[in-house]
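Peer 1: Right, I'll just put the structure down here and ask away after.
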Amino acid sequence: MRFAATLRGGYLAGSVLGSVLLARPAQGLPPDVEIARFLYDRPAAYSLTFDDGLVTHITESVPILDRHGLRGTFFLFIDNIKDDTPSNWMAWRRAAASGHEVSSHSQTHMDLTQPVGRAVLDNEIIGSYRIIEQKTGIAPLSFAYPYSSVNDYVRRLVLETYAFDRADCRVWGGDDFTVEMGIDQIERAIAQREWEYVMLHGVGEYTWGALEPEHLDALCAYLAANAERIWTDTYARVSTYIRKRNGVEVMRRNVTPESFEFRLRLPDRREFQGLPDVPLTVRIPLEGRNARGVQAALRGESLPLRASVDGLYLLAEVPADGSWVRIVW
Ligand SMILES: [Zn+2]
């Protein structure tokens with residue numbers, strides 16, 4: 001009984017102290033610089049990945065995504081891209097240039113865990129990389145295993161060439177799939193503050209796990225309408241954000257009551273090289289200050305700032321390239 005009373009007293013004292021610190025900026029302590037879970041401080045992220053480089057990915061998926069201002073990921077296997085169909089290299093080059101991710105799903109769609117020689121695996125993994133880079137003008141960043149079939153050896157080979165890999169994941173499509181199920185999954189990702197990526201196949205085309213174009217359109221409309229709560233982007237861009245977020249080092253200097261500087265820097269390791277230019281969103285506790293009175297500069301230029309939805313944090317998108325950002329409260 002007595003023990004419980006002491007605990008409760010201690011808890012109350014702690015929360016009173018906490019509110020005093022919140023109301024008045026702490027003196028002399030460097031401000032926290034946190035990295036938001038996802039870009040723009042959205043609670044969750046979503047990626048739509050389309051497998052096999054199908055004809056309807058060019059005729060249906062790309063136009064639907066474009067109409068809603070979303071970017072998708074397309075995992076092509078090289079032998080499926082043919083000049084006399086809509087799924088030809090010029091079409092994929094345009095899709096890549098407009099911001100969609102065009103990545104690899106091997107050369108021939110073989111099961112890479114079969115007992116084959118190194119030359120065969122190199123052709124599937126490195127050969128497909130070179131062709132996509134040459135045909136689209138953009139080096140692929142991700143690799144999706146055919147049949148989601150992978151072992152440690154294959155994975156190690158893939159990650160020598162690609163930054164990211166995709167194995168088995170949730171599927172959108174098939175006879176039992178409905179738009180409501182897709183919306184439930186999006187809402188669950190938001191509630192659980194997660195990144196979810198889904199695999200799609202034919203869009204109005206008879207394939208395994210096919211989906212009607214109207215259903216894809218409705219789901220893209222939902223993602224676009226909820227863009228404040230969910231960040232929809234390519235597999236490689238969300239993977240890049242998460243890798244940078246988990247690896248970044250935050251340094252602060254020149255801390256005074258009126259100003260301070262910080263920088264984000266990535267360790268000099270291979271896993272951080274050659275990644276897309278995705279900035280990190282930083283969260284700095286406002287501690288009672290008005291976000292509108294704060295200014296920031298990066299490399300001599302003004303850096304846009306805003307307050308978080310709850311008004312407690314200052315937010316900004318900052319490159320993790322070691323440049324110092326100066327904040328004046
Ligand atoms: Zn496939």
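Peer 1: State yes or no: is Leu266 modelled with pLDDT of 95 or more, surrounded by 14 or more Cβ atoms within 10 Å (Cβ to Cβ), assigned by TED's automatic domain parsing to the domain that holds Gly69 and hydrophobic (A, V, I, L, M, F, W, C)? Break it down stepwise before answering.
Peer 2: Details: modelled with pLDDT of 95 or more: yes; surrounded by 14 or more Cβ atoms within 10 Å (Cβ to Cβ): yes; assigned by TED's automatic domain parsing to the domain that holds Gly69: no; hydrophobic (A, V, I, L, M, F, W, C): yes.
In short, no.
Peer 1: Right, something else. Please specify each residue of region 130-155 satisfying the condition of being assigned to a helix (DSSP H, G or I) and under 25 Å from Trp208 (Cβ atoms). Step through it out loud before you land on a result.
Peer 2: Residues of region 130-155 assigned to a helix (DSSP H, G or I): 130-136, 146-148, 152-155.
Ile131, Ile132, Pro146, Tyr147, Ser148, Val154, Arg155 - these are the residues of region 130-155 that are assigned to a helix (DSSP H, G or I) and under 25 Å from Trp208 (Cβ atoms).
Peer 1: Further, regarding this structure: For a quick check of your reading of the model, give me the residue pairs whose first member lies in region 231-249 and is closer than 16 Å to Leu266 by Cβ, whose second is assigned to a helix (DSSP H, G or I), with beta-carbon atoms closer than 8 Å and at least 6 apart or on different chains.
Peer 2: Between residues of region 231-249 that are closer than 16 Å to Leu266 by Cβ and residues that are assigned to a helix (DSSP H, G or I), the close pairs are Tyr241/Leu39; Arg243/Glu271; Arg243/Phe272; Lys244/Phe272; Gly247/Glu271; Gly247/Phe272.
Peer 1: Here's something else I'd like to know. Among the residues of region 233-243, is any within 16 Å of the ligand (Cβ to nearest atom), part of a helix (DSSP H, G or I), closer than 29 Å to Pro86 by Cβ and not polar (S, T, N, Q)?
Peer 2: We begin by selecting, within region 233-243, every residue within 16 Å of the ligand (Cβ to nearest atom); these are 235.
Still in the list and also part of a helix (DSSP H, G or I): 235.
From the residues that got through so far, the ones that are closer than 29 Å to Pro86 by Cβ too are 235.
Applying the additional criterion that residues be not polar (S, T, N, Q) yields 235.
Within region 233-243, one or more residues are within 16 Å of the ligand (Cβ to nearest atom), part of a helix (DSSP H, G or I), closer than 29 Å to Pro86 by Cβ and not polar (S, T, N, Q).
Peer 1: Could you tell me which residue of region 146-160 is nearest to Pro115 (Cα to Cα), considering only residues that are more than 16 Å from the ligand (Cβ to nearest atom) and without any contact (Cβ under 8 Å) to a residue 24 or more places away in the chain?
Peer 2: So in region 146-160, the residues more than 16 Å from the ligand (Cβ to nearest atom) come out as 151-153, 155-157, 159-160.
Subset that is without any contact (Cβ under 8 Å) to a residue 24 or more places away in the chain: 152-153, 155-156, 159-160.
Values: Asp152: 14, Tyr153: 11, Arg155: 15, Arg156: 16, Leu159: 19, Glu160: 20 Å.
Per the criteria, the residue is Tyr153.
Peer 1: While we're on this one: Let me spell it out: the conditions are (1) within 21 Å of Leu211 (Cα to Cα); (2) in a helix (DSSP H, G or I); (3) among the hydrophobic types (A, V, I, L, M, F, W, C), and Val158 meets all of them except one. Which number is the exception?
Peer 2: Unmet for Val158, out of (1) within 21 Å of Leu211 (Cα to Cα); (2) in a helix (DSSP H, G or I); (3) among the hydrophobic types (A, V, I, L, M, F, W, C): (1).
Peer 1: Still on this structure, I have one more. Please list, ordered by first then second residue, the pairs with beta carbon atoms under 9 Å, 6 or more apart or interchain, first in region 45-65 and at negative phi and within 16 Å of the ligand (Cβ to nearest atom), second in a strand (DSSP E or B) and of a type in the set (Gly, Ala, Ser).
Peer 2: Thr49/Ser103; Thr49/Ser142; Thr49/Ala144; Asp51/Ala144
Peer 1: Can you tell me how many residues within region 115-145 are within 23 Å of the chain's Cα centre (by Cα) and more than 16 Å from the ligand (Cβ to nearest atom)?
Peer 2: Adding up the residues that qualify gives 7.
Peer 1: Of Ala218, Ala224, Ala189, which residue is in a helix (DSSP H, G or I) and surrounded by 18 or more Cβ atoms within 10 Å (Cβ to Cβ)? I'd like the intermediate steps shown before the answer.
Peer 2: Working: Ala218 fails: surrounded by 18 or more Cβ atoms within 10 Å (Cβ to Cβ); Ala224 fails: surrounded by 18 or more Cβ atoms within 10 Å (Cβ to Cβ).
Just a single option satisfies the conditions, and that option is Ala189.
Peer 1: Now a separate question. Pairs needed: first member in region 194-208, at pLDDT 95 or above and within 16 Å of the ligand (Cβ to nearest atom); second member anywhere, in a loop (DSSP other than H, G, I, E, B) and of a type in the set (Val, Ile, Thr); C-beta distance under 6 Å; at least 6 residues apart or different chains.
Peer 2: These pairs meet every condition: His201/Thr207.
The values are calculated or read from the model by the stated rules, or taken from the named source; none is laboratory data. Here the structure is a predicted model, which means the values were calculated and not measured. All Cβ positions, even for glycine, are placed from backbone atoms using ideal geometry, and neighbour counts span all protein chains on display.
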